[in-house]
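J.: Next up is a structure, given as structure tokens.
Nothing in this text is a laboratory measurement; each read-out follows from the coordinates by a stated rule. Please read these numbers as outputs of a predicted model, since none were measured by experiment. Cβ: placed from backbone, ideal geometry, glycine included. Neighbour counts: every protein chain shown.
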Amino acid sequence: MKAKAILLIFLLVPPSPLFSQQKAVFVFNDLTVRAWTLDKTEEKIVAAGEVEVIYKQVKLFADRIELDTKTKDVLATGKVTLQLPEEVVDCEKLSFNLDTQQGKLDKAIGRIQPSVAYEAAAIERKADNLYELEKAKFTSCSQPTPRWNFSFSKAEFKKNDYVAMRGAVLSIKKVPIFYWPYLRYPLDKSKRTTGFLMPKIGYSGVKGFTISQGFYWAIARNMDASFSLDYYGAKGIGAGMEYRYLFSAISGGDINLYYFTYKTPAPVTSDTGVVTQPIKPDDAYIVRWNHNQTLPLGFTLVARVDYQSSYNFLKEFDNNFMRALMYVRSSEVYLSKSFSPFNFNARAARIETGSSVGSYSVVYTYLPQVNFDSFKMKVFSPLYFSFSSSFSNWQYGSDMQYKKNTQARNKQFEFSPVLSLPFNAIPWLSMNFSAAGFFNYYWKSRDAAGAIVDVPVLTRNFAVGVDFTGPVFYRIWELGGDEASGGSAKPLLKHIFEPDFGYRFESPIINGIKVYSPFPLYRYHQIDYGFTNHILLKRKDQSPKEIFTWGISQTFYLSPEESPNKNYPINGVIPKFSEISSYIRLYPAPGYSFDFAASYNTYFTSFSSIRLGTNLGTPADDFFININWYKSINPYEKNYIFNRHQISSYAGWKLPSLSLELEGEIDFNITEGKMLYSAAGITYHYQCLDLKADVALFFFREKPEFRFNISFGLGNIGKTTDFLGGARFN
């Protein structure tokens with residue numbers, strides 16, 4: 001009864017001020033202020049107690065504010081929260097203009113969508129979304145506990161563009177990792193941004209502690225540059241630059257420069273106590289340039305330069321396996337133009353090649369080489385005429401011959417007119433008859449004793465030939481219902497069998513014995529024969545796709561003593577048959593392929609070369625593997641220095657459930673039973689942080705080398721790349 005009386009009193013008696021108190025409200029145009037206490041005098045508002053300020057797109061929450069309603073200047077203290085479109089900032093003190101959205105914030109913690117977070121002792125917010133931060137931290141990692149952050153003394157921060165930090169220290173978790181005097185972090189993934197790249201740190205058993213630091217420069221929309229500085233604790237310092245430019249869709253290029261200076265080697269003390277000072281290697285440099293340029297009147301210019309000052313430097317430092325085994329210095333310039341029905345090409349070139357198995361290099365020089373050719377022109381149906389012509393001023397020899405100026409050299413003009421008569425009236429048979437003349441003029445020649453003389457010589461001969469493809473046989477099979485098309489159509493499988501046969505007669509070369517050239521002359525009087533099998537698969541609404549090809553061919557030389565076989569006699573007899581060549585290509589599905597090629601020598605009943613290549617998937621798939629096996633044995637010379645028996649493989653495996661990517665590469669010499677090169681890499685995607693480690697072993701070098709590298713990726717900053725090559729996944 002007593003409880004009911006108390007309840008009745010609460011229902012009948014009016015509420016007291018304790019229960020009816022509401023926030024004071026001030027509203028003027030777009031400005032609204034709410035607070036427990038609010039005083040307004042003329043154009044100034046002083047409010048306290050859970051203050052709320054709403055002005056257009058700005059929301060401000062604080063313990064206390066002072067606001068000028070005319071200028072829209074506000075001073076907020078206590079627990080302050082500023083809300084802007086896509087941005088929230090908490091701070092202890094704020095001096096801010098609601099119209100310009102500019103001002104200062106003390107002891108601020110902010111987040112900008114989608115993932116930028118920062119802390120700063122002081123922030124000055126300026127026009128155009130520009131901030132200046134002092135004694136701050138920054139991360140673009142969106143986890144509640146960021147995996148990494150940058151701390152810095154000062155920074156310029158432009159919303160949705162970049163953070164330019166001074167005295168930046170990168171910390172992973174709470175462990176300081178690296179320091180930059182200046183670092184620019186891009187915030188817009190769609191834009192190229194100037195700044196430092198993530199460094200690569202490692203160790204080599206031969207080169208010691210290594211570190212590579214890159215810098216990217218976004219010069220303009222059509223050009224950029226990358227710079228790298230490489231430190232090798234036991235060897236020296238290298239610096240590289242890559243400059244890329246694009247003038248139009250087909251005009252542009254890239255320039256790569258690298259310079260390395262060796263450190264002075266430490267003195268060596270022998271067992272007898274004798275101290276010697278090893279010779280410091282000469283500094284080395286690399287220049288690589290590729291350029292394509294369209295010119296007036298329809299001409300195109302192509303220039304290529306690949307020059308290295310030292311082969312020993314390449315073998316020791318170039319991490320690209322194939323490039324380190326083959327020494328190439330080349331400089332080439334092409335000028336070309338096509339104007340129906342003619343084609344013009346002028347070339348100046350110097351190409352020097354060598355390998356790790358040889359002690360010398362071979363040099364080719366063309367200054368210049370000019371070609372003027374025509375496509376087929378109809379004389380009258382069905383007869384066609386075409387021609388090819390060229391002038392070359394060539395030099396050829398070893399590098400030592402060039403140093404002594406004893407290399408072979410000559411000038412040569414070639415002209416070859418051709419008449420062709422194709423026949424395609426029968427669907428299952430195609431034929432082509434041709435007749436050609438060959439005229440070659442040399443400025444130097446050989447006399448009867450074989451001596452080189454400055455007497456011109458003209459050689460000439462002609463050739464007639466006929467080529468047949470057919471009769472072509474084919475058969476079509478209907479396969480089971482096509483589930484992809486709802487069973488409404490059946491895939492079709494088509495097998496095509498194409499035999500081919502060719503006969504070519506070349507007359508003897510008049511004055512051929514007088515020709516002065518380092519290259520042998522051959523006369524092609526021969527019969528070519530073989531066949532090709534094609535298997536095509538056609539599905540509904542798709543073009544036929546070739547999924548299997550097998551071809552086999554051989555040549556029978558009617559004049560073997562003048563053919564390419566003349567260099568390979570067997571017991572004094574020139575072979576009449578060439579090797580049997582065959583290839584198989586299988587494409588069972590997109591991204592999957594199998595290639596096999598072989599040459600079989602019937603005289604030695606052995607394979608002279610076998611090549612097997614297979615691709616299961618692509619690097620974009622969760623799993624892929626590429627395998628290449630190659631064997632080349634010269635049956636005429638068992639100890640031929642270029643004999644090879646080698647296998648290489650490149651594979652990758654993505655494990656999304658473990659956030660891992662694994663990749664590996666090997667090259668193995670089967671003949672010698674030893675590894676030439678191997679590398680393995682692992683990438684761990686730790687939410688907003690990518691950690692990568694790779695190891696490589698270079699067994700082909702004079703001193704076998706083990707190398708270990710570690711690098712990391714942070715949001716929008718790329719990793720420093722290896723100018724000197726490396727594994728395919730670096």
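J.: So the label point goes 7 Å from the Cα of Trp653 along Cα→C-beta, right? Which residues of the range 684-699 then have their backbone N under 16 Å from it?
T.: 684
J.: Another one. Provide the gained length on full extension for the span Lys376 to Asp188, in nm with one decimal, where the gain is 0.36 nm per separating residue minus the Cα-Cα distance.
T.: Between Lys376 and Asp188, full extension yields an extra 62.3 nm.
J.: State the extension gain, in nm to one decimal, for the chain segment bounded by Ala449 and Asp399, taking 0.36 nm per residue of separation less the distance between their alpha-carbons.
T.: 15.3 nm
J.: Just the Kirkwood number for the range 532-685, please: inverse of mean 1/r across all distinct Cα pairs, in Å, one decimal.
T.: Evaluated on the range 532-685, it is 18.9 Å.
J.: Debye sum, Cα scatterers, the range 630-730, no solvent: what log₁₀ I/I(0) at q = 0.11, 0.17, 0.19, 0.24 1/Å?
T.: For the range 630-730, the Cα-only Debye profile gives -0.46, -0.86, -0.99, -1.29.
J.: Once you list every other residue whose beta carbon is under 11 Å from the beta carbon of Gln395, what net charge do they have if Lys and Arg are +1 and Asp and Glu are -1?
T.: +3
J.: Now for a different question. In Å, the Kirkwood hydrodynamic radius of the range 266-423 over pairs of distinct alpha carbons?
T.: With all distinct Cα pairs of the range 266-423 included, I get 19.7 Å.
J.: Restricting the calculation to Cα positions, tell me the Rg (one decimal) and the Dmax (whole number) of the range 23-189 in Å.
T.: 17.4, 56
J.: Same structure again: Could you compute Rg(Cα) / (2.2 N^0.38 Å) for the range 152-280, with N its residue count?
T.: Working it through for the range 152-280, the quotient is 1.46.
J.: Starting from the Cα of Phe339, step 7 Å along the direction of its Cβ; do the same at Arg539; then give the gap between the two resulting points in nm.
T.: Distance between the two pseudo-spin positions: 4.9 nm.
J.: Moving on to the next point. I need the GluC sites (Glu not before Pro) found in the range 640-680, filtered to DSSP loop residues with at most 16 other beta carbons within 10 Å of theirs.
T.: For GluC sites (Glu not before Pro) across the range 640-680 that sit outside H, G, I, E and B with at most 16 neighbouring Cβ atoms in 10 Å, the list reads Glu672.
J.: For a protection proxy built on the mean count of beta-carbon atoms within 10 angstrom, sort 71-80, 649-658, 386-395 highest first, please.
T.: 71-80, 386-395, 649-658
J.: Can you work out the FRET efficiency for the pair Thr81 and Glu124, with r the C-beta to C-beta distance and R0 = 22 Å, to the nearest 0.05? Walk me through the numbers before you get to the answer.
T.: Numbers: r = 18 Å, r/R0 = 0.84.
Given R0 = 22 Å and the Cβ-Cβ separation, E is 0.75.
J.: With angles folded into 0 to 90 degrees, how steeply does helix 2-12 sit against the dominant principal axis of the chain? Use alpha carbons for both and round to 10.
T.: 80 degrees
J.: Going down the list Lys104/Lys137; Lys566/Lys638; Lys72/Lys137; Lys654/Lys692, which pairs span over 21 Å between their C-alpha atoms? Before the final figure, lay out the partial values.
T.: On the way: Lys104/Lys137 17 Å; Lys566/Lys638 18 Å; Lys72/Lys137 30 Å; Lys654/Lys692 14 Å.
From Lys104/Lys137; Lys566/Lys638; Lys72/Lys137; Lys654/Lys692, over 21 Å: Lys72/Lys137.
J.: In the chain, what cysteines have no partner Cβ closer than 4.7 Å?
T.: Here Cys91 come out as lacking a disulfide-compatible partner, given the Cβ-Cβ threshold of under 4.7 Å.
J.: Quick one: length gained pulling Ile255 to Glu672 fully straight, 0.36 nm per residue minus the C-alpha distance?
T.: 146.3 nm
J.: Which value in nm describes the separation of the simple spin-label points at Tyr686 and Asp595, placed 7 Å from the Cα toward the beta carbon?
T.: Those two pseudo-labels are separated by 4.1 nm.
J.: Sorted from largest to smallest, which semi-axis lengths in Å does the alpha carbon gyration tensor of the chain give for its equivalent ellipsoid, taking the root of 5 times each eigenvalue?
T.: 73, 36, 28
J.: In percent, how large is the relative contact order of the chain, given Cα pairs closer than 8 Å and 6 or more residues apart? Let's see the in-between values first.
T.: On the way: 1843 pairs, mean separation 42.6, N = 730.
For the chain, the relative contact order is 6 percent.
J.: Straight-line reach only, C-alpha to C-alpha below 13 angstrom: list the aspartates and glutamates that Lys191 could link to, leaving out same-chain residues fewer than 8 apart.
T.: Cα-Cα hits under 13 Å: Asp161, Asp224.
J.: Within straight cross-link reach of Lys411, meaning Cα distance under 15 Å, which aspartates and glutamates are found once same-chain residues fewer than 8 apart are removed?
T.: Asp454
J.: Give the calculated FRET efficiency between Trp428 and Arg460 to the nearest 0.05, with a Förster radius of 51 Å applied to their Cβ-Cβ distance.
T.: It comes out at approximately 0.85.
J.: Something else about it: Based on the Cα gyration tensor of the range 320-385, what are the three equivalent ellipsoid semi-axes, each the root of five times an eigenvalue, rounded to whole Å and given largest first?
T.: Listed largest to smallest, the semi-axes of the range 320-385 are 38, 14, 11 Å.
J.: Report the dimensions of the range 31-88 along its three principal axes from the alpha-carbon atoms, largest first, rounded to Å.
T.: Cα spread of the range 31-88 along its principal axes, largest to smallest: 34, 22, 15 Å.
J.: After finding the eigenvalues of the alpha carbon gyration tensor for the range 158-212, what semi-axes result from the square roots of 5 times each, listed largest first in whole Å?
T.: Values: eigenvalues 145, 41, 19 Å².
After scaling each eigenvalue by five and taking roots: 27, 14, 10 Å.
J.: Just to check, using Stokes-Einstein with a Kirkwood Rh over alpha carbon pairs, what's the diffusion coefficient of the range 472-612 at 20 °C and 1.002 mPa s in µm²/s?
T.: The estimated diffusion coefficient comes to 115 µm²/s.
J.: Additional query: Give me the tail of P(r) for the range 371-453 as a percent: Cα-Cα pairs with distance above 22 Å.
T.: Roughly 52 percent, rounded to a whole number.
J.: Report the number of Lys pairs in the range 251-376 whose alpha-carbons are under 25 Å apart, with separation of 8 or more residues or on distinct chains.
T.: Qualifying lysine pairs in the range 251-376: 4.
J.: Let me ask something additional. Rg to Rh ratio, the range 589-639, alpha-carbon atoms and Kirkwood radius? Each step should come with its number before you reach the end.
T.: Details: Rg = 15.4 Å, Rh = 12.8 Å.
Computed over Cα atoms, the ratio is 1.20.
J.: Return the calculated 222 nm mean residue ellipticity for the chain, to the nearest 500 deg cm²/dmol, obtained by summing -39500 (n - 2.57) across DSSP H runs with n ≥ 4 and dividing by the residue count.
T.: That calculation yields -1000 deg cm²/dmol at 222 nm.
J.: Please give the FRET efficiency for Val275 paired with Ser606, using the beta carbon to beta carbon distance and R0 = 60 Å, rounded to the nearest 0.05.
T.: Rounded to the nearest 0.05, the efficiency is 0.60.
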